[in-house]
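Down below is the structure, laid out as structure tokens.
The values are calculated or read from the model by the stated rules, or taken from the named source; none is laboratory data. Being a predicted model, the structure only gives us computed values, none of them experimental. When the accessible area is computed, the model is the full protein with side chains, heavy atoms only, and any ligands, DNA or RNA have been set aside. Shrake-Rupley method; radii C 1.70, N 1.55, O 1.52, S 1.80 Å.
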Amino acid sequence: GPPSAPSTPAAVISMAVLRLFRNATIYENNIVQTVASAAGTLSSVIFVLPGLVMIGWWTGFPFWLTAGICAIGGVLGVMYTIPLRRALVTNSDLPYPEGVAAAEVLKVGAGSRADAAEAAADGKAGLAAIVMGSLASAGVALLTAFKAFAGEVTAFFRIGGAATGIGGSVSM
């Protein structure tokens with residue numbers, strides 16, 4: 001599937017969960033990774049469509065027109081993705097593009113290494129890292145919400161006759 005931000009974590013999580021089933025293959029891991037990628041890409045639709053209704057730009061729901069536009073968009077997306085895959089992923093100047101990273105994670109999840117125990121340990125370690133990172137992120141967000149930590153710091157100062165500022169924020 002097309003790479004996106006949730007692809008690699010989803011592949012690691014599916015790798016750990018699907019290890020519980022003896023007959024799980026790389027295909028099941030790829031399905032999970034692809035669904036997570038599509039969900040991450042399409043999740044913004046949940047916010048856009050109600051916004052269009054609330055501001056009054058979309059007052060009706062023309063089902064067939066909307067379905068046709070979605071179908072044409074999907075076909076065009078596939079038509080542009082296939083030829084651009086080689087240019088953007090395979091022949092990319094990046095030393096380690098995200099698509100290659102997701103593929104390597106899936107290979108590890110399939111136990112393509114000689115030592116299956118080592119691959120299983122890597123899968124568990126990856127899942128543990130994601131869970132610990134999520135808990136740390138939630139902790140920082142909670143402390144920031146309770147104003148125990150500053151979420152952002154901003155400073156303003158004058159240079160000559162003009163004023164400028166500099167700032168930073170914490171985000172996990």
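Each of ARG22, ARG86 has its accessible area taken with a 1.4 Å probe; listed largest first, they run ARG22, ARG86. Accessible-area rank, largest first, for LYS147, LYS107: LYS147, LYS107, with all protein chains present and a 1.4 angstrom probe. The largest accessible area among MET15, MET132, MET54 belongs to the first residue in MET54, MET132, MET15, and the rest follow in falling order (1.4 Å probe, all chains).
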